[in-house]
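A quick write-up on the structure given underneath.
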């Protein structure tokens, strides 16, 4: 934990934003959320995808959002795969959403073309 805290502090000093990914997939997630200074927490998709039909998943997502917001951390709901899930996580207070209901993955080269090609600095 000490090494993780030091690395996060060094990256933040460089201007990086830090996300705690797959939150909820491990038993010690709440410890990490409280102990590590992160900017975002990505709520594990295994809870998000059931948020519409499963009361326990909905409670987990809502409580995670509430705790994160209390700590000043923004939330990202993963696996937002349809509009029902999108509306539900929005109503629960999620700051951001990630998934097919937002946009399907695309090839970076198709999106940005030559902008991703390495640029030669010297002749």
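Quick notes on this one:
- Entry remark, region 83-92: residues being surrounded by 13 or more Cβ atoms within 10 Å (Cβ to Cβ) and free of Cβ contacts under 8 Å to residues at least 24 places away in the same chain number 3 in total.
- Failed item, numbered, when residue 95 is tested on (1) at pLDDT 95 or above; (2) loosely packed, with under 13 Cβ neighbours inside 10 Å; (3) within 25 Å of residue 15 (Cβ to Cβ): (2)
- Selection within region 27-51 - within 15 Å of residue 80 (Cβ to Cβ) and without any contact (Cβ under 8 Å) to a residue 12 or more places away in the chain: 50
The values are calculated or read from the model by the stated rules, or taken from the named source; none is laboratory data. For clarity, every value in this text was computed on a predicted model and none was experimentally measured. With ideal geometry, Cβ positions are generated from the backbone for all residues, glycine too; neighbour counts draw on all protein chains shown.
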